[in-house]
Amino acid sequence: MQDFMSIFVVLSLLAIGFFSGAYVEKKHYESIKKRERQTLHVPAVTFGAKQAFPEAGDAQMFVGSVVISSDYFKTFVLALRNLIGGRVVAYESLLDRGRREAILRMKEQAIAWGATQVLNVRLESSTIGGNSNKSTVSIEVIAYGTGIR
């Protein structure tokens with residue numbers, strides 16, 4: 001009976017993780033898409049070494065940072081994928097959301113300052129936790145660039 005309860009708890013946590021994670025992810029993507037439409041008027045670009053920069057009266061560096069955690073279902077899938085190797089599709093959306101959210105936060109700060117463009121945008125990411133089976137896997141993504149007006 002105790003084995004049945006253990007299996008039931010694990011399956012329940014997986015189901016809750018899957019459905020709540022899918023719901024939260026869907027809502028986050030809706031928010032990201034809405035905010036991306038609102039910030040389209042300020043391009044975030046990267047210039048090459050030999051390209052001329054646009055004229056600017058003022059410039060300031062802006063940083064957008066976000067930490068996104070995986071749900072229980074994605075953590076379980078990662079544990080299985082570690083056994084057999086290969087692509088972890090469940091985490092690709094986590095990284096996508098992190099990158100897009102960090103860029104949006106950077107652009108929103110630049111827009112509040114009055115920027116017309118954000119130049120030389122760079123992205124950095126790191127893993128937080130996930131080194132042991134008991135820790136939650138989270139990623140941090142930082143976007144930074146120079147806003148001009």
Only one of these is under 30 Å from Thr116 (Cα atoms), polar (S, T, N, Q) and out of contact with any Cys (no Cβ under 6 Å at 6 or more places or on another chain): Ser65, Ser70. Name it. Ser65
In region 1-44, anything loosely packed, with under 14 Cβ neighbours inside 10 Å and among the basic types (Lys, Arg) is listed as Lys26, Lys27, Lys33, Lys34, Arg37
Consider Glu101 carefully, then state whether it is acidic (Asp, Glu), within 20 Å of Gly21 (Cα to Cα), crowded, with 18+ Cβ neighbours inside 10 Å and modelled with pLDDT of 90 or more. yes
Of the conditions (1) of a type outside the set (D, E, K, R); (2) part of a helix (DSSP H, G or I); (3) in contact (Cβ under 8 Å) with a residue 12 or more places away in the chain, Asn120 satisfies every one except a single condition; which number is it? (2)
Inside region 52-90, can you point out the residues that are surrounded by 17 or more Cβ atoms within 10 Å (Cβ to Cβ), touching a residue at least 60 places away in the same chain (Cβ under 8 Å) and outside any loop (DSSP other than H, G, I, E, B)? Phe62, Gly64, Val66, Ile68, Lys74, Thr75, Phe76
Scan region 5-51 for residues that are part of a helix (DSSP H, G or I) and in contact with a strand residue (DSSP E or B) (Cβ under 7 Å, 6 or more places away or on another chain) and jot them down. none
Regarding region 140-147, can at least one residue be identified that is β-branched (Val, Ile, Thr) and either exposed (fewer than 15 other Cβ atoms within 10 Å of the Cβ) or not in a strand (DSSP E or B) (or both)? no
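The values are calculated or read from the model by the stated rules, or taken from the named source; none is laboratory data. What you are looking at is a predicted structure, and each value in this text was computed from that prediction instead of being measured. A quick note on method: Cβ atoms are made from the backbone with ideal geometry, for glycine too, and the neighbour counts reach across all protein chains shown.
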